[in-house]
Amino acid sequence: MSDNWSEEELRASVEAYVEMHRKESSGTAFSKKSYYEDLAKKFGRTVKSYEYRMQNISYVYSLQGRQWISGLKPARNVGAKVVHVLERLISEVEGQNLGELAEFDAEVERLKKAPPKAPPPGNKKPATSQSPVTQFIRDPAVVAWVLAEAAGICEWCGLPAPFTREDGSPFLEVHHVLRLADGGEDTIYNTVALCPNCHRELHYGAKKRELAAKLRRKIPRLS
């Protein structure tokens, strides 16, 4: 898809996506096509072009390890510069800054298709940047309860924690089935204890949506 979209048009697309995303997270019914049609009338592109742009936005969500709108499978055919703009607009529209990782990951994906023939020089003194990042205030009692309930066993794969901490306790990570950034609650009914591999798969795996559904069926408290 051509990247010659104005910021106004990209913002309108992101606003529509975020609204649909919030509705889906809350279980509110909506029609994706009606959103595309409204955008098409306003800006003069085809309905199909907006559907594809929404898939580009899903790609940004996937790079952030978030759940994207069902039926809008991530489409990678988008430039890193547009990914950067989309990520910024998502932060502005949602009112939360989750960090700028999507642009970097999109560039990695592009380079993987044609990796450098010679080892890249890298940076002996990497530059730094600072920006405010949204942090959710979590309840430590929820984390402690979930870890105690798991007793050192990953609640998805059923295997023991891969290693122990210096204090001898098993290392598991607490995962929100519906991410806090997507409107999930910080309660024991939305959290599970996972090994690092399962945790990463539930964020970035190709079947993360199906895995989350299976996780809810497997663990009674999540239903």
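The values are calculated or read from the model by the stated rules, or taken from the named source; none is laboratory data. Owing to the predicted nature of the structure, the values given are computational and were not obtained by experimental measurement. Glycine gets a Cβ as well: all are built from the backbone with ideal geometry, and neighbour counts include every protein chain shown. The protein model used for the area step is the full one, side chains on, heavy atoms only, and it has no ligands, DNA or RNA in it. Shrake-Rupley method; radii C 1.70, N 1.55, O 1.52, S 1.80 Å.
Structural remarks
- Residue within segment 48-62 that is modelled with pLDDT under 90 and surrounded by 19 or more Cβ atoms within 10 Å (Cβ to Cβ) present: yes
- Hey, Asn190 open to solvent by less than 50 Å² (accessible area, probe 1.4 Å) and either over 14 Å from Cys154 (Cα atoms) or of a type outside the set (Gly, Ala, Ser) (or both) or not: yes
- Condition met for Arg11 (out of contact with any Pro (no Cβ under 9 Å at 6 or more places or on another chain), open to solvent by 50 Å² or more (accessible area, probe 1.4 Å) and at pLDDT below 95): no
- Verdict on Gly44 being at positive phi and out of contact with any Ser or Thr (no Cβ under 9 Å at 6 or more places or on another chain): yes
- Annotation: Lys207 fulfils all but one of (1) under 15 Å from Ser25 (Cα atoms); (2) surrounded by fewer than 16 Cβ atoms within 10 Å (Cβ to Cβ); the unmet one is (1).
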